[in-house]
Amino acid sequence: MGKIVVFENITLDGVVQDPTGAEGFCATDWRTDLTVSDHEAWNRLILDDARTAQALLLGRRAYEFFAARYPSRTGPLADAMNNLPKYIVTSTLTDPGWNNSTILKGEVLESITQLIDTIDGEIRVYASSLLVHTLIEQNLVDELRLAVFPLMMGAGNRLFDRTDEPGPLTPARLHLAEVRTIGDNLIHLTYRR
């Protein structure tokens, strides 16, 4: 049986939108001002994380972002990303071009539940904040890994934004499993259900 592990880059104020600057929301890549030590530690963290996944579960936009970059890259991280089975939640994409990619058909939550029953190990969710909101709301996230960048955005899409929902809300209870310093300036937090 699989477990869903969400990995998100996040700012101190909870923003997850456009960490690379590719969408035009943020003027720069969040990693621009990191130290050499930060970059090296970050690269190790991402590689180690990808190597422990048995599959990727991605929303369409995240899939398109990764599919535009990884197939042409080489190296250990590219190998890991390219070889992993990829499952895409989309209603618009019909023909994924990235190898080992499958579009989940039918009702989304049912398809994801079937995927959990099929995959043995960690199903990794990267950079798919809309999908992550759904997974959190449906109590399908087993583990949440947050790479906290020392930035304050002041605006942008937040991972835990539920301000459009009327109260009272019931908090989702998690427990802290691990805290690590990554390089000189990043923190990696792991929470479990």
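Working ranking of peptides 83-89, 65-71 by packing, defined as the average number of other Cβ atoms within 10 Å per residue, highest first, is 83-89, 65-71. When exposed loop sites are taken as GluC sites (Glu not before Pro) in a DSSP loop with at most 14 other Cβ atoms within 10 Å, the longest stretch of the chain clear of them is 108-193. Between 134, 98, 47, the Cα set farthest toward the positive side of the dipole of region 11-153 (charges on each charged residue's Cβ, about the Cα centre) is that of 98. A simple count of charges around residue 116, restricted to other residues whose Cβ falls under 15 Å of its Cβ and scoring Lys, Arg +1 and Asp, Glu -1, yields -4. Normalised per residue, the accessible area of region 7-140 is 50 Å², obtained with a 1.4 Å probe and no contribution from ligands, DNA or RNA.
Ignoring ligands, DNA and RNA, what percent of the accessible area of the chain is carbon or sulfur (1.4 Å)? Here it works out to 50 percent.
Binning the alpha carbon pair distances of region 54-111 at 10 angstrom intervals from zero yields the distribution 24, 55, 18, 2, expressed in whole percent. Here the relative contact order of region 85-193, from alpha carbon pairs under 8 Å that lie six or more residues apart, stands at 22 percent. For the chain, the mean residue ellipticity at 222 nm estimated from helices alone is -8000 deg cm²/dmol, where every DSSP H run of n ≥ 4 contributes -39500 (n - 2.57) and the total is divided by all residues, rounded to the nearest 500. Taking the charge dipole of the chain about its Cα centre, with +1 at Lys and Arg Cβ atoms and -1 at Asp and Glu Cβ atoms, the residue from 185, 80, 6 reaching farthest to the positive side is 80. Put simply, the amide H of residue 9, placed in the peptide plane, has neighbours under 5 Å in 127, 147, leaving out anything fewer than 5 places away on its chain. Proximity of backbone amide H atoms, modeled 1.01 Å from N, is registered between residue 17 and 157 at under 5 Å, excluding neighbours fewer than 5 places apart on the same chain.
Computed on the chain, with alpha-carbon pairs under 8 angstrom and 6+ residues apart, the relative contact order is 36 percent.
The values are calculated or read from the model by the stated rules, or taken from the named source; none is laboratory data. Every value quoted in this text rests on a predicted model; they were computed, and no experiment measured them. Because the Cβ atoms are built from the backbone with ideal geometry, glycine has one as well, and the counts that use them run over all protein chains shown. What goes into the accessible areas is simple: the full protein's heavy atoms, side chains included, and nothing from ligands, DNA or RNA. Shrake-Rupley method; radii C 1.70, N 1.55, O 1.52, S 1.80 Å.
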